[in-house]
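A short write-up of the structure that comes next.
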Amino acid sequence: MVVFFTWLSFRQAFRNDRIIKRLEANPALAAKHHRKWEPYHKSWAKRLHVWPYLLRIELVGCLALFTFLLIWSIFLNAPLEEPANPAFTPNPSKAPWYFLGLQELLVYFDPWIAGVVLPGMIISGLMAIPYVDLNPYGNGYYTWTQRKFAITVFQFGWIVLWVALIILGTYIRGPGWQLFLPWEYWDPHRVIFEVNVDASELIAHWLNKPEWALAPTTGPYLARLLHPATVIGGVVTLGMLGVIGGAMIGFFKWYMPEMWKKLGFIRQQVILGHLVIMVLVVVKIVLRLTLSIKYLWVIPDLLNI
């Protein structure tokens, strides 16, 4: 369904873009030509109101879908498992498919990030769209040319940060929450020797400074806070934030300079904050899967990122 409707929407957008390009090149044609890619039909009305025409069609569609689901549910048994057994834990124990993206994020982040911060940013990002979107074009019709940036960002968040994680958790994660390729047997007895390390441990190993690897768990708090391991983690994390944020600011000033100025400081920070976190989530996932990095920055007794 995701693939089909994504293809369908882009197909309609590209068709509309061809019409827009043709009409912009010929003002005389634009004054009298209709705005659909289909050939004009004389039965078309020049104007249709939302009520009752559109809402009537939507109501009939909803009733038809409801009737179909009602009949289908009568004759089809629900895919329920056996009654819950407190003495048995399934392996793998998975959340419902629509929450598998969040469960997959728990592999790469602490629960307070994967379960609170990131879902909260999803909600706040969707709420902010009407307030940070100053593009007057692309409202009420499909288009790619006039909405490249907005469509790219939304598809990145939807496909990469949500659908892909659900697919990964559904088909790739097997017993022990280990990674299994689609053609591999889900062996519950498979054991993989894998040691996760912090970024400070990896950098200390590269610099041949084993004493910089981890901050002590006891002792004066200020000494632990200023330990090279904590400092290295801060430099890595804040450095990533600075590089990604700076690159995005440069991109906005190059790609949409006028729009970027109109946004103002507050809306600029809202956009940058959400986009930087989106990119950092992908970076953290890639680092975990390739270099087995568990945390980028560990602040003793405070937070792990």
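Considered as a group, the residues in the range 256-305 that are over 30 Å from ARG147 (Cα atoms) and among the polar types (S, T, N, Q) include one that is surrounded by the most Cβ atoms within 10 Å (Cβ to Cβ), and that residue is ASN304.
Among residues of the range 163-218 being among the aromatic types (Phe, Trp, Tyr) and modelled with pLDDT under 85, the one that is nearest to LEU106 (Cα to Cα) is PHE193.
Within the range 194-242, the set of residues being hydroxyl-bearing (Ser, Thr, Tyr) and assigned to a helix (DSSP H, G or I) comprises SER200, TYR221, THR230, THR237.
One line per residue, one yes/no per condition, for (1) under 30 Å from TRP144 (Cβ atoms); (2) acidic (Asp, Glu); (3) surrounded by 10 or more Cβ atoms within 10 Å (Cβ to Cβ):
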position	(1), (2), (3)
VAL2	yes, no, yes
ARG11	yes, no, yes
LYS36	yes, no, yes
ILE57	yes, no, yes
ASN85	no, no, no
THR89	no, no, no
PHE99	no, no, yes
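On inspection, ARG190 passes the criterion of being closer than 30 Å to GLN178 by Cβ and either part of a helix (DSSP H, G or I) or touching a helix residue (DSSP H, G or I) at 6+ places or on another chain (Cβ under 8 Å) (or both).
Condition check: more than 30 Å from LYS21 (Cα to Cα), of a type in the set (Phe, Trp, Tyr) and surrounded by 10 or more Cβ atoms within 10 Å (Cβ to Cβ). Does PHE75 satisfy that? No: the conditions fail for PHE75. Where helices (runs of 4 or more DSSP H) fall entirely within the range 93-158, those with at least 2 residues that are within 30 Å of LEU302 (Cα to Cα) are at 100-108, 118-132.
Among the residues of the range 232-274, those that are aliphatic (A, V, I, L, M) and closer than 25 Å to ILE299 by Cβ comprise ILE232, VAL235, VAL236, LEU238, MET240, LEU241, VAL243, ILE244, LEU272.
The values are calculated or read from the model by the stated rules, or taken from the named source; none is laboratory data. Computed from a predicted model, the values in this text were never measured in an experiment. Counting neighbours? That spans all protein chains shown, and the Cβs are built from the backbone with ideal geometry, glycine included.
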